[in-house]
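Asks: Here you go, one structure.
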Amino acid sequence: MKLLLDSTRCQGYGLCLEHAPALVELDEWGYAVVLDIPVPLSEEDNAKACAEACPNAALRVVG
C-alpha cells in the first residue's frame, strides 16, 4: 500500500499531517509532501483516514 499525492490538488490545509504524521511532511509553504515509502501495516488506517480527510481529494491510497 502507498499513499499518493496529486500536488496540483493540494491547497495546503495540513489535515493530512494531523492524520498521518509518519507518512506526510509539509514543505516550507505548508503543502503536503508524502514520503516515498510503502505504508507500514501499523499506519494503514492512518493513511486511509488521511486520504478521506483531504477536502480536495489530493491524496489517495493504492495497493
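The values are calculated or read from the model by the stated rules, or taken from the named source; none is laboratory data. All figures in this text were calculated on a predicted structure; none of them were measured in a lab. Calculation scope for accessible area: heavy atoms of the full protein, side chains included, ligands and nucleic acids excluded. Shrake-Rupley method; radii C 1.70, N 1.55, O 1.52, S 1.80 Å.
Asks: Counting only the heavy atoms of the protein chains, how much of Ser7 is accessible to a 1.4 Å probe, in Å² to the nearest 10?
Replies: Estimated to the nearest 10 Å², Ser7 gives 80 Å².
Asks: Explain nothing, just compute: Karplus ³J(HN,Hα) = 6.51 cos²θ - 1.76 cosθ + 1.60, θ = phi - 60°, for every residue of segment 4-15 in order, whole Hz, x for Gly and Pro.
Replies: 10, 10, 9, 5, 6, 9, 5, 10, x, 5, x, 5
Asks: In deg cm²/dmol, rounded to 500, what helix-only [θ] at 222 nm does the chain give when every DSSP H run of at least 4 residues adds -39500 (n - 2.57) and the total is split over its residues?
Replies: Only helices count here, giving -6000 deg cm²/dmol.
Asks: How are the alpha carbon pair distances in the chain distributed across 5 Å bins from zero to the largest one, expressed in percent?
Replies: Percent of Cα pairs in each bin: 4, 22, 37, 25, 10, 2.
Asks: Of all accessible surface on the chain at a 1.4 Å probe, what whole percent is carbon and sulfur?
Replies: 51 percent
Asks: What's the extension gain from Gln11 to Glu44 if we count 0.36 nm per residue and subtract their Cα-Cα distance?
Replies: My answer for the length gained is 9.5 nm.
Asks: Tell me the angle of helix 44-53 to the major Cα principal axis of the chain, expressed in degrees between 0 and 90 and rounded to the nearest ten.
Replies: That works out to roughly 30 degrees.
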